[in-house]
1. Select from region B:16-107 those trypsin sites (Lys or Arg not before Pro) which occupy a DSSP coil region and have at most 12 other Cβ atoms within 10 Å, ordered by residue number.
2. By how many nm would the segment from residue A:314 to residue A:240 grow when fully extended, if each residue of separation counts as 0.36 nm and the alpha-carbon distance is taken off?
3. Quick one: pull the percentage of alpha-carbon pairs in region B:214-283 with a separation above 16 Å.
4. What is the mean number of Cβ atoms from other protein chains located within 10 Å of the Cβ atom of each residue in peptide A:153-166, rounded to a whole number?
5. To the nearest 20 debye, what is the magnitude of the charge dipole of region A:207-283 about its Cα centre, counting +1 on the Cβ of each Lys and Arg and -1 on the Cβ of each Asp and Glu?
6. So if we plug the beta-carbon distance of residue B:162 and residue B:274 into 1/(1 + (r/R0)^6) with R0 = 56 Å, what FRET efficiency do we get, rounded to 0.05?
7. Can you give me the span-like helices of chain B, meaning DSSP H runs with 30 Å or more of Cα extent along the axis and Kyte-Doolittle mean at or above -1.0?
8. Looking at B:161, B:109, B:143, which one has the Cα that reaches farthest to the positive end of the dipole of region B:94-201 (charges on Cβ: Lys, Arg +1; Asp, Glu -1)?
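Any read-out appearing in this document is the output of simple, stated calculations on the displayed coordinates, not a laboratory observation. Small disclaimer: the values here were computed from a predicted structure and weren't measured. Glycine also receives a Cβ, built like all others from the backbone with ideal geometry; neighbour counts cover every protein chain displayed.
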There are 2 protein chains.
Amino acid sequence: MKENRIVKLFGIKYPIIQAGMVWCSGWKLASAVSSSGGLGIIGSGSMYPDVLKKHILKCKKATNLPFAVNLPLLYPNIEEHVSTIIEHKVPIVFTSAGNPNTWTKELKSNNIKVVHVVSSVKFALKAELSGVDAVVAEGFEAGGHNGREETTTLCLVPDVVNAINIPLIAAGGIVDGKSMLSAMILGADGVQMGTRFVACKESSAHDSFKNMVLKAKEGDTKLTLKELTPVRMLNNNFYREIVQLYQENASKEKLLKKLGKGRAKKGMYEGDLINGELEIGQASSQIREVYSAAQIIKDIMNEFKKLKQQINIESKFNF
Amino acid sequence: MKENRIVKLFGIKYPIIQAGMVWCSGWKLASAVSSSGGLGIIGSGSMYPDVLKKHILKCKKATNLPFAVNLPLLYPNIEEHVSTIIEHKVPIVFTSAGNPNTWTKELKSNNIKVVHVVSSVKFALKAELSGVDAVVAEGFEAGGHNGREETTTLCLVPDVVNAINIPLIAAGGIVDGKSMLSAMILGADGVQMGTRFVACKESSAHDSFKNMVLKAKEGDTKLTLKELTPVRMLNNNFYREIVQLYQENASKEKLLKKLGKGRAKKGMYEGDLINGELEIGQASSQIREVYSAAQIIKDIMNEFKKLKQQINIESKFNF
C-alpha cells in the first residue's frame, strides 16, 4: 500500500498546494488554504524583506497548521529573505527560478523542508541531487514564469516521475478534482494550483483582475517574452504591445524597456487591466466564480472522491 | 449509467483510435489496430487517389472490423479521395485541417460517420454545427500539424467537453493506459494516439525514424513554422536550419523555400534524419520499444484497468 508521500511529507490533510504567486498570495490566502487542509504558500517574490516578515508573523497567528514560503532564487535580497524564514521557523520553503544547490543545504540544516519547482527532467534531476525533499513539475499551460522546454503537464509528469525517486507535485492546468485525479494517475503525489487560487476570496489580486480571470476563455492566455523569461499572461493591451514589437523585429533591449518595472504589480495588484501584466494559466478558462479557499478545497475533494467511484461503476469507463 | 459513446458510435471494443498520420498509417497499421479492438485509420494526406484506393481495398481484406480514413480538407485532389471513400464504403472518416462544412453533409448522406479534428473550443463548436458525429480535441503536445491557440490537452479537453454535446476524443500526449484514463477523467469519451503508433511494428515509418523516436527525450520536440502551419517535430538538423532562419529574421517566403516539398516523406518514410521533417509528439519521450499494434492495445488496456482498481485501494489516492 503506497501512502501519499505529500500528505506525509508536509503533515497536511490533502495533497493540494496553493502556488506562491506574486501579488496574490500573502498571509490571508496562505493561512486560509492551510486551515482548509491544503498547504498555503506565501509568495515572497513581490515582497520586501520587512513585508515578508509581517506576512509570516500574521500567517502564524492565523493558523497553527503548516504553511510555506515561495522563494525565487534570483530575488535580489535573498539573504534577508532566508534569514527571516529561518528566524521565524517557517517549516517549508518552495524554491524556484534559480539553482537549487545555492540554498538547499542551508535551509535543510535549519530543519526546513525544501521543494524546488522545475520545468524539465534535467532540472528535476539537478534538484534531486541538490537534496530537496520534493519537486514541483510545472507544465507549459501554467501561468506566470514558465520553462523553455514547453513540455505540457500531461507529458512532463510521467517523464519526471520516471526520472526521480523523491515525491512529485504536478502544476500547470490543474484547477479541480478531475485535473487533480488525472495528474495523480499520471504519477504525481500531489498537485499545486496557482490560477485557481488567484480567483479566490482571500487572494490579494485586484478585484478587476479576478473578474477578468472569470471571463477568460480558452485561447485567451499567451506565452511570450521568450527571449527574456518566458511568461504566460492574459491577452490584453500590454500583451498586444509586445506582439507589435515582435512584428517590428524589436531587439531584446526594446522588449526589456517595454516590460519596464512593476508591470505585474500594476496589473495583478493595482487592477490596471490595460497596461498591467496579467499573469495567469490556461486553466483560467475553467474558473467561473470567486470562492473562499475553504470552499475551493471542499469542492475539489468532493469532485475527486466522486470521480474515483464513478470510474468503477460508469460504463463509460468499463468496456 | 453513461455508456461509452465512442465504443457505441464506431462499433469497436475499446475507445482507442490510431491517428491518421502521413507516411506512417497505411492499411497495415489501420487493419492491425482495428483487428485488435481499436479503430485504425488510413492517413490519406500522403497518398495519391489510386494509392488510397489500394490501401482501402487491402484494409478491407485484412479486417472485417470498422476502420476509418483521415481526410485533410485542404488536400488538393479531395474530390477524388471523397469519391473513393464513398465508392468503397469506408464506414468512418476523420476530417482535419479545413472547414468541416465543406464535406460533412455529402459524407453523412452516404452513411459515413464523420469526426472532425479541432484545436480549440471555437472550432469544436463550428464542427458540431456542421453535423459531425464527434470531434477530436488535439492539444499543443501533439505531433505534426498543430493549432494556433497552443492550448494543452489537459486544458482543452474540459473546455471542449463543456462546450459541445457530441462525443469527444482526446489527442495529444496520450500514449498509454494512464494518459488514456487521465483524458477520460477530464471528460473525453475516448482517445486518439499518433506518436505511440508511429513506433509500431505495422507503421510504415522508416526504421531509422522509429529508432529516433525511441531515443527521444523530454524537450526533444519543438513546435515551429508558426507563420506557415504550426508543426511539432523532432529537434534535428532540419529543425535547426529553421531556427537559424528565424534568427536571421527570414521572411515567410524564405521559410517556405527552406521547407520545400516532401520534407516529411524524406524524414519519416525515407529515413533521412538529417534533412527530413520528423513529425512526432512530446510523448515520444515515453516510448521505449517498437511493439505490434495488438501488443500496444493490450498493454494500454491492462494498465487502464489496473489503474482503475488502484485508485480505490491505494492510500496514495485515499486521504
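1. Loop-located and lightly packed - B:89.
2. 22.1 nm
3. 44
4. Values: counts 7, 19, 20, 6, 4, 10, 7, 1, 1, 3, 2, 0, 0, 0.
That average works out to 6.
5. With Lys and Arg at +1 and Asp and Glu at -1, about 140 debye.
6. On the way: r = 44 Å, r/R0 = 0.79.
The formula returns an efficiency of 0.80 here.
7. On the way: long enough: B:293-313 (31 Å, -0.26).
The answer, listed by residue number, is B:293-313.
8. B:109
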